[in-house]
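Below: one structure, written as C-alpha cells.
The values are calculated or read from the model by the stated rules, or taken from the named source; none is laboratory data. Bear in mind the structure is a predicted one, so any value in this text is a computation, not a measurement. FYI the Cβ positions are ideal-geometry reconstructions off the backbone, even for glycines, and counts take in every protein chain you see.
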Amino acid sequence: MNEDRNLNYDLIRLLGLIVIMIAHSSPPDWLFQLRNFGAPLLVFGSGLTYALIYASREIQTWTFYKKRLSKIILPAWIFLAFFFVSFYCASVIAEKSFPFHAVQILKSFVFMQGIDFVWIFKIYVILALATPICIYLNTHVANDKIYFLSLIAFYVLYEFLNQSLSPYLAGTIETIFDSIIFIVTPYFLIYLYAFRINRLRGSLVLILATISFVIFLGMATVKYQEAGVFIQTQAFKYPPTLYYLSYAFFAINIIYLLVKNIDLTGARVKRTLIWLSSNALWIYLWHIFAFYIWKFALKIQVGDLYLFVAKTLFLFGVGIALTIFQNKLVSILSRQSDLFARRLAPLLTNDKR
C-alpha cells in the first residue's frame, strides 16, 4: 500500500462525504441534526491526509498548486458542463422550460451558490491554496501548546469579528465576507487542527470533545428556552459559528477516536475502501446529477423514513454506478487515444495519489 495512504484517514474522509450526501436525501429532522458535521469532517480528513503525505517530504508549492487545483476545479467544470447541457437537452426533448438561469450557471462554475452542493469545492480550493502555509506552520511551530492555543485565539477572534461586523455588512462586501472569509476561516482552523492532532493524547482529544458537547448543549438549552423548540445547528452553518461548530467539533473528535485504530487490513475491506475513497470526488459529483433527476423527473416527495432510505439508495447507487461506467469508458478511450490518456483521463479517473 502507498506509504502516503492511511486507510483510517480514508475512512474518515469517506464518512464525511457520506454524511453530506445523506443530508441531500431529505432525512427526518432528528437524523439531519445528528449527522450535521459532514463538511467539517471532510475538511478534517483532508488535513489528516496531507499531514501524512508531507510528514517526511517537502512540498513543491507551485507543482502542488498546479496538480491539486486542476484535480479539484477541472473535474467539477467538466461535470457542470455535462450537467447543464444534459438538462438543457432533456428540457428541449420534453418541451419544458430550462430550469436553470444564466446567473445560476455562472455562480455554479465559480462555486458561489448556483446549483446546490457545489459550494464545498470553494472550500477545497481555498484549503488547497492554504496547504503550503499549513505545512509550514506544522513544521516550524514546534511547541504544541503555542500551536493549539494560537488556533483557539484565532477562533475567538473570528467569532468576535463575525458578531461585530455582520450587522454592518451589506451588498457585495457582505457577500465576500459571508461567502469567502467568514465561511472559510473556521474550516481553515479545523484543517490546521487535523495537521497536529496526532500529537494529542486520546484522553485529551476526548476532553476537547466533551467540552465542545457541553458548549453545544448549553447553547441548545438557551435557544430552546427562547424559541420553545429545538433549534438545529444548520441555522448557524452559513457562515459557521459556535453553535454549529461546537457540535461538529465534538463529532469529528469522537469519530477520530473511534476510527483511527480500526483494523482495515482485510483484503476485501481494503480494496473497497481504497476504491470508494479514490473515486469519492466523482461519486459526489454524480450524486448531484442523481439529485436533480429525482427532483425533476421522479418528483417523489420525501416525507417519511422509507422514502428517505429510498432516496439515499438512489443517490448513492446512481453516483457509484455512473462512476463505474465513467471509469470503464475512460479506460476504453485511453487505449484508443494517447492524447486523451495524457490530457483528459487524469481528470476523469480516480486519485491514485
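The residues on offer are 273, 285, 315, and the sole one that is part of a helix (DSSP H, G or I), touching a residue at least 60 places away in the same chain (Cβ under 8 Å) and over 29 Å from residue 86 (Cβ atoms) is 273. Within the range 246-274, being over 17 Å from residue 16 (Cβ atoms) and of a type in the set (A, V, I, L, M, F, W, C) holds for 267, 269. Can you tell me which residue within the range 179-209, out of those that are touching a residue at least 24 places away in the same chain (Cβ under 8 Å) and of a type in the set (Ser, Thr, Tyr), is farthest from residue 254 (Cα to Cα)? Applying the filter and picking the extreme gives 179.
Residues are listed down the side, and each one gets a yes or a no for (1) under 25 Å from the mean Cα position of the chain (by Cα); (2) part of a helix (DSSP H, G or I); (3) exposed (fewer than 14 other Cβ atoms within 10 Å of the Cβ):
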residue	(1), (2), (3)
142	no, no, yes
153	yes, yes, yes
158	yes, yes, no
167	no, yes, yes
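When the residues of the range 295-353 are narrowed to those that are polar (S, T, N, Q) and under 28 Å from residue 99 (Cα atoms), which ends up surrounded by the most Cβ atoms within 10 Å (Cβ to Cβ)? By that ranking, first place goes to 323. For the range 14-95, the helices (runs of 4 or more DSSP H) that sit wholly inside it and include 1 or more residues that are small (Gly, Ala, Ser) and under 15 Å from residue 124 (Cα atoms) are 38-53, 61-94.
Per-residue answers, yes or no, for (1) aromatic (Phe, Trp, Tyr); (2) within 19 Å of the chain's Cα centre (by Cα); (3) more than 22 Å from residue 251 (Cβ to Cβ); (4) modelled with pLDDT under 95:
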| position | (1), (2), (3), (4) |
| --- | --- |
| 22 | no, yes, no, yes |
| 34 | no, yes, no, no |
| 40 | no, yes, no, no |
| 44 | yes, yes, no, no |
| 73 | no, yes, yes, no |
| 82 | yes, no, yes, no |
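Among the residues making up the range 151-167, those that are of a type in the set (A, V, I, L, M, F, W, C) and within 13 Å of residue 178 (Cα to Cα) are 161, 165. All of 172, 131 fail the test of being out of contact with any strand residue (DSSP E or B) (no Cβ under 9 Å at 6 or more places or on another chain), surrounded by 13 or more Cβ atoms within 10 Å (Cβ to Cβ) and of a type in the set (Val, Ile, Thr), apart from 131.
Restricting 50, 54 to those that are over 19 Å from the mean Cα position of the chain (by Cα) and among the aromatic types (Phe, Trp, Tyr) reduces the list to 54. Of the residues making up the range 236-272, those that are more than 20 Å from residue 45 (Cα to Cα), surrounded by 11 or more Cβ atoms within 10 Å (Cβ to Cβ) and at pLDDT below 95 are 238, 239.
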